[in-house]
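Engineer: Input: one structure, supplied below.
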Amino acid sequence: MTAEEWQIVWFTAWVSALSTVIILPFGLALAWVLARRDWPGKSIVETFVTLPLVMPPVATGLILLKLFGRRGALGGFLHDQLHLDVIFTWRAVLLALSVMSMPLLVRAARVAFEEVNPRLEQIARTLGAGGLRVFFTVTLPLAARGVIGGMLLAFARALGEFGATIMVAGNIPGKTSTLSLAIFENVQLGDDPRAFRLLGVSVILAFTAVWCSEFFLRRKKP
Amino acid sequence: MSLLLKNISLPLADFTLEVEVEMHRHVTAIFGPSGAGKTSLLDLIAGLRAARSAFIQLDGNVLTDSAKHFFVAPHQRGIGYVPQDLALFPHLSVRRNLLYGRKSGGANDPAFRFEHVAEVLEIQPLVARGVTELSGGEKQRVALARALLASPRLLLLDEPLASLDAPLKAKIIPYLARVRDEFRIPMLCVTHDRFEALALADEIVVLQDGKVRQTGLVSEVFTRPANAEVARLVAVETLQPGTIMGVNDGLATVSVNRITLTALAPAAGSREVFVCIRGEDVILQRDPTVTSSVRNRLSARVVALCPEGALVRVELDAGFPLFALVTRAACTELALRAGETITALIKAPGIHLVPR
């Protein structure tokens with residue numbers, strides 16, 4: 001493996017991990033609200049949360065491109081107010097990975113929260129604990145396995161993301177090139193040995209992440 | 001304690017919980033069959049669910065006033081709650097469970113010192129264990145201790161004994177009684193077991209289908225149920241339709257299935273009555289010739305014997321179905337067997353007539 005190849009591996013693993021960390025607070029909050037609250041229109045939010053999972057990733061990428069482009073609603077604001085450009089930078093990779101992997105985290109965490117007996121939370125409140133303390137001392141510890149499993153799934157999904165990434169971040173060597181993008185590019189260029197080396201790394205990374213997530217999602221405490 | 005529940009209205013699956021009641025005694029039992037809305041009522045008091053309308057006031061402090069959209073959050077009510085499933089935190093040790101409700105600093109009521117609570121409930125040897133290593137009775141005591149250690153001003157107990165078998169029940173009742181007497185903490189105890197109510201409570205609220213059927217002192221409600229429904233609920237064992245044949249000197253002569261009984265005459269009402277006899281008030285005797293002060297002596301055939309904890313429920317045929325509750329020892333001494341004939345004695349005040 002060349003230095004350039006290692007850079008691609010590190011960049012991919014690092015951005016995937018960062019995206020998982022970034023979506024964690026939002027994903028958990030959303031999962032908790034979906035698990036514990038009812039409101040009119042909840043099913044619409046549920047559908048939106050799942051949408052990136054079933055829509056063509058390229059389509060999701062196009063939406064992000066339009067939103068975060070300099071003339072897009074959010075991209076314009078970020079450029080004018082914060083002098084922050086997103087599209088075709090590493091931030092775009094982070095954005096694409098976050099959006100694409102969020103549904104997996106939300107779904108796993110939601111199931112985990114729903115499995116926590118609400119009576120435990122209620123009784124914790126009668127013992128004087130406010131909502132946040134109940135969440136961090138009762139709900140989250142009891143749902144920890146499901147949440148960690150969901151994080152690993154989200155991480156694994158981010159590792160392999162292709163369609164949305166190429167739309168918003170392009171494939172700029174040394175800047176936005178991820179494992180999937182590099183594999184595709186090398187096959188196109190006919191550099192098969194290189195593609196296979198990167199393929200091997202992807203398989204190892206993905207296998208480890210999914211194997212760990214299975215471990216956390218399946219094995220329940222007695 | 002004074003707990004005021006006014007204008008409570010909460011739609012449940014099969015009926016609407018509608019309650020209007022004041023409780024003033026130290027220990028009140030909320031008594032009723034399962035599905036009567038008892039747990040929902042506790043949840044409302046603890047602030048764990050919102051009603052369509054409710055006014056709840058504890059010792060002069062308003063906790064819920066739906067008309068003014070006023071609602072004290074459950075963690076600020078200071079109401080301890082031991083639910084039926086106990087809700088011990090499975091991921092925490094017994095010690096961390098116990099300390100969950102402790103306030104930091106010196107904000108805890110000195111009456112609920114850790115050592116004292118642990119001593120009263122005998123939980124010191126359990127403290128280092130995990131929750132899953134506890135037996136049913138131990139879990140019960142830990143849940144009770146956890147609620148007390150949060151220094152509550154009112155303790156809600158939901159069916160504290162329902163999940164325990166008879167011998168364990170007998171062991172836990174003294175602990176509940178000790179908590180009641182040691183800490184002088186007002187308790188509201190949901191139960192469908194009249195023995196539990198009798199053992200623990202001063203006052204009883206009979207709840208059925210979401211409505212309060214009767215309130216009063218326990219002994220009063222059990223011996224003088226307001227109507228046949230309450231009589232059936234408080235499980236007065238014998239409940240038979242009868243007709244008052246005559247009243248003389250405050251004593252009524254009642255005919256039940258052509259058997260004549262003497263009972264205290266009801267204050268007023270129709271000649272058609274329900275005759276209520278509690279199992280404890282029926283005395284069984286072998287020798288029919290012994291004379292005594294008892295007004296009613298009936299020759300009865302033993303139909304069946306059914307053990308109920310320390311007691312045996314004896315089903316008799318005295319011309320009408322009659323149930324007696326006797327201790328196991330008495331049952332053995334009398335050598336009761338199905339099919340035998342025996343004398344059943346019932347004092348006149350032991351027969352309660354409810355107009356029908």
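Engineer: Give me the dipole magnitude in Debye, nearest 20, for chain B about the Cα centre, with unit charges on the beta carbon: positive for Lys and Arg, negative for Asp and Glu.
Structural biologist: 300 debye
Engineer: If I take every Cα pair under 8 Å that is 6 or more residues apart in chain A, average their sequence separation and divide by the length, what percent do I get for the relative contact order?
Structural biologist: Reported as a whole number, the value is 29 percent.
Engineer: For an R0 of 30 angstrom, estimate the FRET efficiency from the Cβ-Cβ distance between A:GLU115 and A:ASP80 and round to the nearest 0.05.
Structural biologist: Rounded to the nearest 0.05, the efficiency is 0.10.
Engineer: Additional query: From the phi angles alone, apply the Karplus equation (6.51, -1.76, 1.60; θ = phi - 60°) to the stretch A:185-197 and give each ³J(HN,Hα) in whole Hz, x where the residue is Gly or Pro.
Structural biologist: Values per residue, Gly and Pro as x: 4, 5, 5, 4, 7, x, 8, 4, x, 5, 4, 5, 4 Hz.
Engineer: A further question on this structure: How large is the accessible surface per residue of chain B, computed with a 1.4 Å probe and reported in Å² as a whole number?
Structural biologist: Accessible surface, normalised per residue, equals 44 Å².
Engineer: With both bridge residues required to lie in the protein assembly as shown, what share of the DSSP beta bridges run antiparallel, to the nearest 5%?
Structural biologist: The antiparallel proportion sits near 80 percent.
Engineer: Could you tell me which of rounded, prolate or oblate describes the protein assembly as shown, using a ≥ b ≥ c as the square roots of the eigenvalues of the alpha-carbon gyration tensor, with rounded for a/c under 1.5 and, failing that, prolate when a/b is larger than b/c and oblate otherwise?
Structural biologist: Prolate.
Engineer: Taking a ≥ b ≥ c as the square roots of the eigenvalues of the Cα gyration tensor of the stretch B:27-136, is the shape rounded (a/c under 1.5), prolate (a/b larger than b/c) or oblate?
Structural biologist: prolate
Engineer: Leaving ligands, DNA and RNA out of it, report the carbon-plus-sulfur percent of the accessible area of the protein assembly as shown at a 1.4 Å probe.
Structural biologist: Answer for the protein assembly as shown: carbon and sulfur cover 59 percent of the accessible area.
Engineer: Go through B:89-101, A:69-81, A:86-98 and give me the packing order, highest mean Cβ count within 10 Å leading.
Structural biologist: A:86-98, B:89-101, A:69-81
Engineer: Jot down the radius of gyration and Dmax of the stretch A:3-215, Cα atoms only, both in angstrom.
Structural biologist: Rg then Dmax for the stretch A:3-215, in Å: 19.3, 67.
Engineer: Where does the charge balance sit around B:LEU5 when Lys and Arg score +1, Asp and Glu -1, over other residues with C-beta under 10 Å from its C-beta?
Structural biologist: So the surrounding residues net to -1.
Engineer: Taking both sides together, what accessible area is buried at the B/A interface, probe 1.4 Å, expressed in Å² and rounded to the nearest 100?
Structural biologist: So the total buried area for this chain pair works out to about 1700 Å².
Engineer: Shielding of A:116-125 by partners, i.e. mean partner chain Cβ atoms within 10 Å per residue?
Structural biologist: Shielding by partners across A:116-125 averages 6.
Engineer: When the dipole is taken about the Cα centre of the stretch A:3-215, and only Lys, Arg (+1) and Asp, Glu (-1) are charged at their Cβ, what size is it in debye, to the nearest 20?
Structural biologist: Its charge dipole is roughly 660 debye.
Engineer: While we're here: Using only atoms on other chains, find how many Cβ atoms lie within 10 Å of each Cβ of peptide B:41-49 and report the average.
Structural biologist: Per-residue shielding by partner chains comes out at 2.
Engineer: Just going by the charge dipole of chain A, with Lys and Arg at +1 and Asp and Glu at -1 on Cβ, which of A:LEU51, A:MET1, A:PRO141 is farthest out on the positive end?
Structural biologist: In chain A, that residue is A:PRO141.
Engineer: Just how much of B:SER270 is accessible, in Å², when a 1.4 Å probe is used and the result is rounded to the nearest 10?
Structural biologist: Rounded to the nearest 10, that gives 50 Å².
Engineer: Related question: Between B:ASN61 and B:SER104, what length in nm is gained on full extension when 0.36 nm per residue of separation is reduced by their alpha carbon distance?
Structural biologist: Going from the current span to full extension adds 13.1 nm.
Engineer: Can you list which of the trypsin sites (Lys or Arg not before Pro) found in the stretch A:32-65 are DSSP loop residues with at most 11 other C-beta atoms within 10 Å?
Structural biologist: Hits after loop and neighbour filter: A:ARG37.
Engineer: Enumerate the calculated ³J(HN,Hα) couplings along the stretch B:198-209 in order (Karplus 6.51 cos²θ - 1.76 cosθ + 1.60, θ = phi - 60°), each rounded to whole Hz, writing x wherever the residue is Gly or Pro.
Structural biologist: Result, rounded to whole Hz: 5, 6, 10, 9, 9, 10, 9, 10, 8, 10, 9, 6.
Engineer: Which net charge results when you count Lys and Arg as +1 and Asp and Glu as -1 among the other residues whose beta-carbon is under 14 Å from that of B:MET245?
Structural biologist: +1
Engineer: Report ³J(HN,Hα) in whole Hz for each residue of the stretch B:321-335, in order, from the Karplus equation J = 6.51 cos²θ - 1.76 cosθ + 1.60 where θ = phi - 60°; Gly and Pro get x.
Structural biologist: x, 10, 10, 10, 10, 10, 6, 4, 4, 4, 4, 5, 4, 7, 6
Engineer: Please list, in chain and number order, the residues 5+ apart from A:ILE172 or on another chain whose amide H is under 5 Å from its amide H, with Hs placed from the backbone.
Structural biologist: Answer set, sorted by chain and number: A:SER177.
Engineer: With a/c under 1.5 counting as rounded, go ahead and sort the stretch B:190-319 into rounded, prolate or oblate using the C-alpha gyration tensor (a ≥ b ≥ c being the square roots of the eigenvalues; past the cut-off, prolate if a/b is larger than b/c, else oblate).
Structural biologist: Taking the square roots of the gyration eigenvalues as a ≥ b ≥ c, the stretch B:190-319 is oblate.
Engineer: Can you tell me what percent of all Cα-Cα pairs in the stretch A:121-217 are more than 15 Å apart?
Structural biologist: So the portion of pairs separated by more than 15 Å is 70 percent.
Engineer: A follow-up question, please. Which three numbers, in whole Å and largest first, are the semi-axes of the equivalent ellipsoid of chain B derived from its Cα gyration tensor as √(5λ)?
Structural biologist: Largest first, chain B gives 43, 26, 15 Å.
Engineer: Follow-up. Over 19 Å between C-alpha atoms is what I'm after, so list which of B:LYS38/B:LYS171; B:LYS6/B:LYS38; B:LYS38/B:LYS139; B:LYS38/B:LYS103; A:LYS42/A:LYS66 land there.
Structural biologist: As for pairs spanning more than 19 Å Cα to Cα, those are B:LYS38/B:LYS171; B:LYS38/B:LYS139; B:LYS38/B:LYS103; A:LYS42/A:LYS66.
Engineer: Output the peptides B:108-120, A:170-182 sorted from most to least packed, where packing is the average of other Cβ atoms within 10 Å over each peptide's residues.
Structural biologist: A:170-182, B:108-120
Engineer: Which far-off residues, 5 or more places away or on another chain, put their amide H under 5 Å from the one on B:SER163, with H placed in the peptide plane?
Structural biologist: So B:SER163 has HN proximity to no qualifying residue.
Engineer: Also, I was wondering about something else. Specify which residue in the list B:ALA36, B:VAL212, A:ASN186 is farthest towards the positive end of the charge dipole of the protein assembly as shown, using unit charges on the beta carbon of Lys, Arg (+1) and Asp, Glu (-1), about the Cα centre.
Structural biologist: Checked the options; the winner is A:ASN186.
Engineer: Separate question: Once you average over the residues of B:89-96, how many Cβ atoms of partner chains fall within 10 Å of each Cβ?
Structural biologist: Neighbouring Cβ atoms belonging to other protein chains average 3 per residue here.
Engineer: Check which residues have an amide H placed less than 5 Å from B:LEU17's amide H, if you skip close sequence neighbours.
Structural biologist: B:LEU10, B:LEU12
Engineer: May I ask you to rank B:HIS26, B:HIS192, A:HIS83 by accessible area, largest first, using a 1.4 Å probe over the protein chains only?
Structural biologist: A:HIS83, B:HIS192, B:HIS26
The values are calculated or read from the model by the stated rules, or taken from the named source; none is laboratory data. As the structure is a computational prediction, the values presented were derived from the model and not from experiment. Every residue, glycine among them, receives a Cβ derived from its backbone with ideal geometry; neighbour counts consider all protein chains shown. Heavy atoms of the whole protein, side chains included, go into the accessibility calculation; ligands, DNA and RNA do not. Shrake-Rupley method; radii C 1.70, N 1.55, O 1.52, S 1.80 Å.
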